[in-house]
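The values are calculated or read from the model by the stated rules, or taken from the named source; none is laboratory data. These numbers come from a predicted model, not from an experiment. Glycine also receives a Cβ, built like all others from the backbone with ideal geometry; neighbour counts cover every protein chain displayed. Surface areas here come from the heavy atoms of the whole protein model, side chains and all, with no ligands, DNA or RNA. Shrake-Rupley method; radii C 1.70, N 1.55, O 1.52, S 1.80 Å.
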Amino acid sequence: MIKDQIVLGIETSCDETAASIVRNGNEIISNVVSSQIESHKRFGGVVPEIASRHHVEEVTMVLEEALKQANMKPNDLDAVAVTEGPGLVGALLIGINAAKAFAFANQLPLVGVHHIAGHIYANQLVEPMEFPLLALVVSGGHTEIVLMQNHGSFELIGETRDDAAGEAYDKVARVLKLPYPGGPHIDRLAHESEEAIAFPRIWLEPGSYDFSFSGLKSSVINYMHNAEQRGEEINPQAVAAGFQSSVVEVLTSKTLRAAKEYKVKQVIAAGGVAANRGLRKSLEDTFIKEGIKFTVPPLFLCTDNAAMIAAAGSVMFEKGHTSSMAMNGKPGMTLFDWK
Amino acid sequence: MIWLGIDTSNVPLSIALVQDNQLLVEWSSALNVTHSVGAMPAVEEVLKQANIKPNEIDAIAVAEGPGSYTGVRIGVTIAKTLAWTLKIPLVGVSSLQALAGNGVFFKGLICPIMDARRLNVFTGIYTNDFNALLPDGHYSLESVLEILAAKDEDILFIGKDVSIHWEAIQQVLGKRAIRAPFHLDLPKASVLIEQAMKKPLPSIDETHHFVPEYKRITEAETNWHSEQKKAES
Ligand SMILES: [Zn+2]
């Protein structure tokens, strides 16, 4: 019998301090996430310095809890995987240095993981991946379409040229005076609305799989401004519905076009915005009609977590990718192939 | 008893191993290498040179701040994680006091200086038996010099950043201001350990709650508080 491979994952790239233990890259043994949302609420967004301060306070407690829930000791582990980038540099450094110290003290190999690869591999914790596969990764920091021909092979097909989808949600939510984080509130308002304000769809050049959301955000702000000047009453539900339908339509059609062009067997959505009901439904309906398998990990695996980092790290480790004690945080890290 | 000392609270890096009151090895550098890249390899190397395994360490001393926010956090994160997973006590020492410790035989007052921009400094005033006359904090240089001007003793200024403010210091204190030689301007992890050894060893349950001493709230909080005040008035 082949021995199980047990990987500890650590994630601190933004405002969640997380640790998780995963068996064989696909089974969660423990999963601990300490969220800082409450601390950043009053500032209307994540304050990097405050996020870093929280990570230092939380990191060993989160690690201990992950081991405790798994009923494991450090010597039950085979490797330590940690988010190397992209993300907030000060925040990344806490996870990385904790991972290095832990790996060193317990003489375990260290594996640096790309955060987006983590989001994609969250799917592996739900069901096996089928290749070629297309991943739509949408969150507060990312909007990317990634093509995978096999495990550890990544081709970036499209990405945002300005704001990430989740960032646009947060900015529009602020204009509508909704509390932070704004995404879920816009999603809720959009569902309550019968009508929707018509906002533009930004398609960019024909054939492009890239995105742009800052123009859409500006048209929402202009619309609000003009309505205010004319003394008209604003219907926030209709604004939310109009904004959301523009985002969802662009995301869905570009993903569909890419899925057809690359003849993929499976499409997955990942990242915090994949929890958006409007987007989920649109993608689900579209791909069911096309007969292409579509999966979204459950909500707790869509938002930032360490199980996804352990899952991706597990595959990387098997392919022989380890890092040294000199590993640094890479805030602008790009996805690379694990050959 | 084996101590590991870690200081990454400013640009310089210092890592030391002390066994039974003897310094085994110390690695210090003033090069501008990010601690995230340099600190753990230095820990690894120091232990290797001394032929000591991580699980043979009995206690850890760390410079807890003030200093560069990121620098302090890297040292504290490494120290905290090592102490927690090795189940050994973690002792924090003020980065300023550790620097002041380089002036151990000086007869007057000791004033370690770390620049904090806009004519501000992180500093404290120490007597030669290491009692703090002025507690560690974030001060305007002017206010610190005013306090020192009212004393009679000579004052030893220690730290790489003294050079930034040396002219202003001399203008106020004249010949009473003594500047430490360059080799005492770098923090030494062995001095940190010596000061940690004078403190009671905390229980290992306290490691989780160990936090840096930033001596300053964040800019976002400062702005938020002033906006709240504006809204109130
Ligand atoms: Zn993420």
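Annotations
- The number of residues in the range B:55-66 being open to solvent by less than 10 Å² (accessible area, probe 1.4 Å) and farther than 12 Å from B:G5 by Cβ comes to 2.
- Residue tally, condition assigned to a loop (DSSP other than H, G, I, E, B) and open to solvent by 80 Å² or more (accessible area, probe 1.4 Å), over the range B:216-233: 3
- Taken together, the residues in the range A:1-16 that are among the small types (G, A, S) and outside any strand (DSSP E or B) amount to 1.
- Residue that is farthest from B:P181 (Cα to Cα) [pool: residues in the range B:74-89 that are open to solvent by 10 Å² or more (accessible area, probe 1.4 Å) and more than 8 Å from every other protein chain (Cβ to nearest Cβ)]: B:K87
- Number of residues in the range A:200-242 that are modelled with pLDDT of 95 or more and in contact with a Lys or Arg (Cβ under 6 Å, 6 or more places away or on another chain): the value is 3.
- B:D7 open to solvent by 30 Å² or more (accessible area, probe 1.4 Å) and either away from every other protein chain (no Cβ under 14 Å) or over 19 Å from A:M327 (Cα atoms) (or both): no
- Of the residues making up the range A:17-71, those that are in contact (Cβ under 8 Å) with a residue 60 or more places away in the chain, more than 14 Å from chain B (Cβ to nearest Cβ) and not in a helix (DSSP H, G or I) number 11.
- B:Q97 vs. criteria open to solvent by 20 Å² or more (accessible area, probe 1.4 Å), outside any strand (DSSP E or B) and in contact (Cβ under 8 Å) with a residue 40 or more places away in the chain: yes
- Filter result for B:K53 (in contact (Cβ under 8 Å) with a residue 60 or more places away in the chain and among the basic types (K, R)): no
- Residue check, A:R174 out of contact with any Ser or Thr (no Cβ under 9 Å at 6 or more places or on another chain) and within 23 Å of A:F294 (Cα to Cα): no
- Identity of the residue in the range A:77-99, within 23 Å of A:K3 (Cα to Cα) and touching a helix residue (DSSP H, G or I) at 6+ places or on another chain (Cβ under 8 Å), that ends up most open to solvent (accessible area, probe 1.4 Å): A:D78
- Residue check for A:K330: away from the ligand (no atom under 16 Å from the Cβ) and open to solvent by 30 Å² or more (accessible area, probe 1.4 Å): no
- Evaluating A:V111 against the criteria (1) surrounded by 24 or more Cβ atoms within 10 Å (Cβ to Cβ); (2) more than 14 Å from chain B (Cβ to nearest Cβ); (3) aliphatic (A, V, I, L, M); (4) without any contact (Cβ under 8 Å) to a residue 60 or more places away in the chain leaves one unmet condition, (4).
- Within the range A:114-140, restricting attention to residues that are surrounded by fewer than 23 Cβ atoms within 10 Å (Cβ to Cβ) and part of a loop (DSSP other than H, G, I, E, B), the residue that is nearest to the ligand (Cβ to nearest atom) is A:V126.
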